[in-house]
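Written out below as structure tokens is the structure these notes cover.
The values are calculated or read from the model by the stated rules, or taken from the named source; none is laboratory data. Given the structure is predicted, the values throughout are model-derived calculations rather than measurements. Please note: Cβ atoms are built from the backbone with ideal geometry, for glycine as well, and neighbour counts cover all protein chains shown. Quick note on the areas: whole protein, heavy atoms, side chains included, nothing else; ligands and nucleic acids left out. Shrake-Rupley method; radii C 1.70, N 1.55, O 1.52, S 1.80 Å.
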Amino acid sequence: MEVGSLDERRYVSVLFCDISGYNTLTEKLSASDLSALLNEYFEMMGETVSKFKENREHQILSACIGNRIIVVFGSPLQLEDHAWLAMQTANQMSRRVGEFKNNLLASNKPAIKIGIGIHSDSVPSRNLSATKGMDFMAIGADVHVGYRLEGICKQYGCNIVISEKTYQLCKEKIRVRELDFIRLPGEIRPVTIYEYLGLDSDTISDHKQAALKHYQKGREHYLNRKFALAMGEFAKVMELESNDKAAAIQLKRCQHWLKTPPPDDVEWDGCWPGN
């Protein structure tokens with residue numbers, strides 16, 4: 001199959017999905033029960049990916065490494081709406097895992113959680129070439145971003161985290177919360193990452209909307225170095241959503257910066273050291 005010259009760049013969206021708290025599952029379940037749970041999980045996720053791969057076998061490729069599922073949208077042949085299809089796939093994955101989780105809890109079994117990271121970018125076609133015995137090879141810093149975002153899910157208590165580039169390609173169709181700034185390889189300034197909340201057509205409760213409004217105000221104050229005001233907004237988020245990890249992280253950062261303010265002679269970009 002023609003995959004393009006080595007100098008060609010291809011626009012793709014890369015989705016990484018992994019099970020959160022896998023070690024906890026191994027501690028709570030017998031080997032046979034764990035095997036049955038994982039078989040059902042991977043069959044369910046495989047069906048979800050296959051739904052979107054239908055009639056796009058040469059535009060969407062997937063692989064499984066350990067408990068991690070990787071899907072590349074736009075390889076080896078270009079796919080015009082790669083980001084939107086990646087978002088729809090992630091949305092369906094999350095919904096089905098939510099139903100699966102409820103069934104497990106109803107059977108007094110430990111719940112399963114996932115984290116999904118999605119990044120869209122232009123990558124060299126050589127990073128997407130097929131190799132003998134493999135469907136595809138996806139390597140490089142651009143591809144690695146999706147992997148990093150998937151890992152961030154657990155830190156911030158999110159199911160799906162997407163990059164700025166993915167958001168820009170789908171912003172008219174999805175609901176998000178601006179989550180934070182992180183630094184990416186090769187980027188001078190930090191970039192925005194977002195928590196995916198649902199499709200634009202989905203309904204969000206008044207309670208949730210209020211929490212989102214306070215979070216956004218808190219972020220605005222934080223980026224303007226008004227840390228006391230930001231703390232007040234993030235505290236209101238915690239009153240409404242006590243398990244909001246993202247708000248708890250922001251609240252802790254504000255406390256740090258009030259005690260140890262960022263230097264006035266250094267440009268403030270709002271990115272937490274190490275992010």
Checklist entry - Out of the range 67-109, which residues are touching a helix residue (DSSP H, G or I) at 6+ places or on another chain (Cβ under 9 Å) and closer than 16 Å to residue 22 by Cα? => result 67, 68, 69, 97, 100, 104, 109
Checklist entry - Listed residues 56, 9, 96; which is within 20 Å of the chain's Cα centre (by Cα) and open to solvent by 40 Å² or more (accessible area, probe 1.4 Å)? => result 96
Item to check | Pair list, Cβ < 7 Å and 6+ apart or interchain, from the range 13-40 residues that are within 12 Å of residue 67 (Cα to Cα) to residues that are assigned to a helix (DSSP H, G or I) and open to solvent by 80 Å² or more (accessible area, probe 1.4 Å) | outcome: 16/147; 20/154
Checklist entry - In the range 174-218, which residues are touching a residue at least 24 places away in the same chain (Cβ under 8 Å) and part of a loop (DSSP other than H, G, I, E, B)? => result 183, 184, 185, 186, 189, 190, 200, 202, 204
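Condition first: open to solvent by 70 Å² or more (accessible area, probe 1.4 Å) and of a type in the set (A, V, I, L, M). Can you find one or more residues in the range 172-188 that meet it?
Of all residues in the range 172-188, those open to solvent by 70 Å² or more (accessible area, probe 1.4 Å) come to 172-173, 175, 183, 185-188.
With the extra rule that they be of a type in the set (A, V, I, L, M), the set shrinks to 188.
Checked the range 172-188: at least one residue is open to solvent by 70 Å² or more (accessible area, probe 1.4 Å) and of a type in the set (A, V, I, L, M).
When you check residue 118 against the structure, is it outside any loop (DSSP other than H, G, I, E, B), at pLDDT 95 or above, open to solvent by less than 30 Å² (accessible area, probe 1.4 Å) and at negative phi, yes or no? Let's see the steps before the verdict.
Values: outside any loop (DSSP other than H, G, I, E, B): yes; at pLDDT 95 or above: yes; open to solvent by less than 30 Å² (accessible area, probe 1.4 Å): yes; at negative phi: yes.
Yes; evaluated as a whole, the condition is true for this residue.
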Checklist entry - Which one of these is within 19 Å of the chain's Cα centre (by Cα), open to solvent by 50 Å² or more (accessible area, probe 1.4 Å), within 20 Å of residue 181 (Cβ to Cβ) and not β-branched (Val, Ile, Thr): 226, 245, 252? => result 245
